[in-house]
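All remarks here apply to the structure that follows.
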Amino acid sequence: MAPGVPKQLGVRLPENEEVARLLLEKHRSMLEKGLTDNLSLTLSTAYRNVCAAKEHIRNLKDLLKIKGVGPWVIRLVKESFPESSPDLSPPKIKAKGKKGNGWISNFGASDCSVSIPPLSSQGTSVLQPSSTPGSAEFTSLDKDTNGLSNSILAMPPRLCNKKFLEAYEVVLVLDDRETFGFIKRLPVGDGIWIARHRRSRTEYVLDFIVERKGVTDLVSSIRDSRYKDQKLRLKKCGLRKLIYLVEGDPSPLNASESVKTACLTTEILEGFDVQRTTGYLDTEKTYGHLTLSIIDYYSTNFSSRANTSRVCLTYEEFVKKCSDPKKLTVSDIFALQLMQVPQVTEETALAVTELYPTLFSLARAYSMLDGNTCEQEQMLNKKSKMVNTGASRNIFKLVWGE
């Protein structure tokens, strides 16, 4: 159901009437242009809490203290607060896991204080060196992804003896289909992080990418298998740390079990780092936490590993790499077909297509075994550790038939 036109509420403090009016007018004007239900709910919550506020809201820092007001709301109204301090960072919070209905879990972070910067009006989050030591000690990305060691993550070039944050600024780039902001049309994924050289302004894509899925879209994509195609494209983009962010609670959709299964498969079998958030505002905070984790990793390892690790692709190279195979190849289509087979994950399908790029080449390999069914069923399992016994047998049955 489409959100209705918000009604004007009484304001507890006369001093806050102007702020409340500003939020109400902004909400109504955005509804006329088209506004998602989540964003409409965000504005309604912010407006209702501003109306009920017991303290005078003098500037953006005061507004940010109101429950339900986050960086996105701040960006909408910041021009109306010319006297405000330019430092709009939210107060420090504890990055502890949340307890809920058994579906939302923590982010895998240790207890630590982090300061989350707001996204800029262009849809980016630029983090500068902190004057407070240890302010970026958020380590949710410490775990190994795709079975790869952190030591082989790509690094931007180290052209002089400067430290990472002296040479580069880190920018969170969101796809222009996201509601957080508009900056670039990404060829794959919903968010990447780039290291922009402070002098040359060259942009290097860091080894992290995130795909954000609302639970409604996730349930739909599970049913029509789109989510397998999307994860396959992520795996082929060349970036090593793959993050799958699931937003919202699937319980009202009667799809909790299918979403949980999809998340477990994505994380345990396919090597993604699955992050779960309660909603839009929680997702914004998670993007902030992830950005701090990435900055912390590169700040720690840049000096010692920049000369021995792979070099990050420039943004232009990344786009070209992901856009060149825009049309699916025969091998891609074969991989998608394999992923419909029981026990065959994206990892398994890619392992098979590396050995046998087409259905014809795989069938010919089976034919070379002279009808030995036992050997044929075990062939892929013997060829690759990524193909378990069950998957190997099921693929043979698909190709050879019974």
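The values are calculated or read from the model by the stated rules, or taken from the named source; none is laboratory data. Computed from a predicted structure; not experimentally measured. Quick reminder, even Gly has a Cβ in these numbers, built from the backbone with ideal geometry, and neighbours come from all protein chains shown. Remember, those area values only see protein heavy atoms, side chains included, never the ligands or the DNA or RNA. Shrake-Rupley method; radii C 1.70, N 1.55, O 1.52, S 1.80 Å.
Odds and ends about this structure:
- Debye equation applied to the C-alpha atoms of region 323-372, log10 I(q)/I(0) at 0.17, 0.28, 0.29 Å⁻¹: -0.55, -1.05, -1.08
- Total charge dipole magnitude, region 208-361, about the Cα centre, Cβ charges on Lys, Arg, Asp, Glu only, Debye to nearest 20: 340 debye
- For the pair K162 and R201 in one chain, pulling the backbone fully straight at 0.36 nm per residue adds 12.5 nm over the alpha carbon distance.
- Nearby aspartates and glutamates by direct alpha-carbon distance to K397 (threshold 19 angstrom, same-chain neighbours under 8 apart not counted): E346, D370, E375, E377
- On full extension, the segment bounded by L253 and E15 gains 81.5 nm, given 0.36 nm per residue less the C-alpha separation.
- Accessible area ranking (1.4 Å probe, heavy atoms, ligands and nucleic acids excluded), largest first, for W193, W400: W400, W193.
- Note on region 147-267: with charges restricted to the Cβ of Lys and Arg (+1) and Asp and Glu (-1), its dipole about the Cα centre is near 660 debye.
- With the largest listed first and rounded to whole Å, the semi-axes of the equivalent ellipsoid of region 167-302 from the Cα gyration tensor are 28, 15, 14.
- Annotation: for a label point projected 7 angstrom from Cα along Cα→Cβ of R28, residues of region 48-79 with backbone N closer than 18 Å are 48-51, 77.
- With every protein chain in place and a 1.4 angstrom probe, the accessible-area ranking of I209, I222, largest first, reads I222, I209.
- Inter-label distance for V5 and R58, nm, one decimal - labels placed 7 Å from Cα along Cα-to-Cβ: 3.7 nm
- The residue among L232, V215, L245 whose Cα reaches farthest toward the positive pole of the charge dipole of region 203-250, with charges on the beta-carbon of Lys, Arg, Asp and Glu, is L232.
- Taking only Cα atoms of region 333-402, radius of gyration then Dmax in Å: 10.5, 29
- Shape of region 236-344 from the C-alpha gyration tensor: oblate (a/c of 1.5 or more and a/b not above b/c, with a ≥ b ≥ c the square roots of its eigenvalues).
- Above-threshold pairs, the threshold being 29 Å between Cα atoms, out of K7/K260; K26/K235; K241/K285: K7/K260; K26/K235
- Ranking F334, T286, S299 by Cα position along the charge dipole of region 281-345, where only Lys, Arg, Asp and Glu carry charges on their C-beta atoms, puts F334 farthest toward the positive end.
- Label positions at F360 and E317, each projected 7 Å from the Cα along the C-beta direction, are separated by 3.5 nm.
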